[in-house]
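K.L.:
Before we start, here is the structure in question, set down as structure tokens.
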Amino acid sequence: MPRIDTAQRIDRKTAILDAAERCFVRSGFHGASMSDICGEAGMSPGNLYRYFPSKEAMIEGLCERDFAEVGEGFSALAQAPDIWTAFEALARFHMIEEPRESCQLWVEIMSEVARNPQIGILRRKIDQFIEAKIRFALETARDRGQTDPGADLDRAVQFLITYADGLMLRRARDVNFDPDPHVVLMFSILRSMLLPPATPATARLKTP
């Protein structure tokens, strides 16, 4: 057997994952067959199975690729002087600028949670990963004095996860949905949860 070096192996795995993503978005997790993915990737079944033995393994590969991208974004966020500005820019990238197909794939994966125990385990891994990254960002902002020191970070994390889930579902199901104002609203609510209240005006209305 010819030796396949690491770079070539990574390139082939990337090609398979890209093909699987297109097939899952187009036909759904169950509708996309392994032969469809082979055809999309331009590979024989024997070659493809050397990299991914099942569709579940491909979903896991897609999620791991997203983990790496999200991790890089949050690492850069930690170095930003203004956590709020950097956090909102990161959220806008993932919720607005990324293709709608990414949201469709996410919904397709989530729909499998109740039916497929392997995907259910992956979903819990995703939730834990995202929750830890958001908590890290908010803790960094708190440590820098950019939030109210007494703010409830747990409540804020759960709000963000729930709101983002709903927003991505809307994007996936409605081609005309505009996520921009909803991301603005999300951060407006988040600021009201985490920033200290405004100092009241000292001037008082005179009694007539």
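K.L.:
Within the stretch 32-47, track down each residue that is in a helix (DSSP H, G or I) and not small (G, A, S). Full working, then the answer.
P.N.:
Of the stretch 32-47, the ones in a helix (DSSP H, G or I) are 34-41, 45-47.
M34, D36, I37, C38, E40, P45, N47 - these are the residues of the stretch 32-47 that are in a helix (DSSP H, G or I) and not small (G, A, S).
K.L.:
So M95 clears everything in (1) within 29 Å of E56 (Cβ to Cβ); (2) at pLDDT below 90 except one condition, right? Which one?
P.N.:
The number of the failed condition is (2).
K.L.:
Of the numbered conditions (1) exposed (fewer than 11 other Cβ atoms within 10 Å of the Cβ); (2) of a type outside the set (K, R); (3) under 28 Å from C23 (Cβ atoms); (4) modelled with pLDDT of 90 or more, S192 satisfies every one except a single condition; which is it?
P.N.:
(3)
K.L.:
Oh, and also: Being among the aliphatic types (A, V, I, L, M) and open to solvent by 40 Å² or more (accessible area, probe 1.4 Å) is the filter; apply it to the stretch 169-181 and report the residue that is nearest to the chain's Cα centre (by Cα). Don't jump to the end; show me each part of the working.
P.N.:
Our first condition is that a residue be among the aliphatic types (A, V, I, L, M); within the stretch 169-181, this holds for 169, 172, 175.
Going one step further and asking which of them are open to solvent by 40 Å² or more (accessible area, probe 1.4 Å), we end up with 169, 175.
Working: L169: 12, V175: 19 Å.
Per the criteria, the residue is L169.
K.L.:
Among the residues of the stretch 32-86, how many are within 25 Å of the chain's Cα centre (by Cα) and touching a residue at least 24 places away in the same chain (Cβ under 8 Å)?
P.N.:
Total meeting the criteria: 21.
K.L.:
It is to be established whether one or more residues within the stretch 147-160 are over 13 Å from the mean Cα position of the chain (by Cα), surrounded by fewer than 18 Cβ atoms within 10 Å (Cβ to Cβ) and touching a residue at least 60 places away in the same chain (Cβ under 8 Å).
P.N.:
No - not one qualifying residue is present in the stretch 147-160.
K.L.:
Taking the conditions exactly as written (β-branched (V, I, T) and more than 19 Å from I134 (Cα to Cα)), does I96 satisfy them or not?
P.N.:
Spelling it out, it is not the case that I96 is β-branched (V, I, T) and more than 19 Å from I134 (Cα to Cα).
K.L.:
Looking at the stretch 124-140, can you tell me whether even one residue there is over 13 Å from the mean Cα position of the chain (by Cα), closer than 30 Å to S54 by Cβ, modelled with pLDDT under 95 and assigned to a helix (DSSP H, G or I)? Please lay out each step first, then the result.
P.N.:
Taking the stretch 124-140 as the starting set, the residues that turn out to be over 13 Å from the mean Cα position of the chain (by Cα) are 124, 135-140.
From what is left, the residues that are closer than 30 Å to S54 by Cβ are 124.
If we keep only those that are modelled with pLDDT under 95 too, we end up with 124.
Imposing the further condition that a residue be assigned to a helix (DSSP H, G or I) reduces the set to 124.
Yes - at least one qualifying residue is present in the stretch 124-140.
K.L.:
Same structure again: Residues in the stretch 103-119: is at least one outside any helix (DSSP H, G or I), open to solvent by 40 Å² or more (accessible area, probe 1.4 Å) and within 15 Å of L169 (Cβ to Cβ)?
P.N.:
Initial filter on the stretch 103-119 (outside any helix (DSSP H, G or I)): 112-116.
Adding the requirement that they be open to solvent by 40 Å² or more (accessible area, probe 1.4 Å) leaves 113-115.
If we keep only those that are within 15 Å of L169 (Cβ to Cβ) too, we end up with 113.
Yes, the stretch 103-119 contains at least one residue that is outside any helix (DSSP H, G or I), open to solvent by 40 Å² or more (accessible area, probe 1.4 Å) and within 15 Å of L169 (Cβ to Cβ).
K.L.:
Can you name the number of the only condition in (1) of a type in the set (A, V, I, L, M, F, W, C); (2) in contact with a Gly (Cβ under 6 Å, 6 or more places away or on another chain); (3) surrounded by 17 or more Cβ atoms within 10 Å (Cβ to Cβ) that F74 fails?
P.N.:
(2)
The values are calculated or read from the model by the stated rules, or taken from the named source; none is laboratory data. This one's a predicted model, so the numbers in the text were calculated from it and none came from an experiment. Please note: Cβ atoms are built from the backbone with ideal geometry, for glycine as well, and neighbour counts cover all protein chains shown. When the accessible area is computed, the model is the full protein with side chains, heavy atoms only, and any ligands, DNA or RNA have been set aside. Shrake-Rupley method; radii C 1.70, N 1.55, O 1.52, S 1.80 Å.
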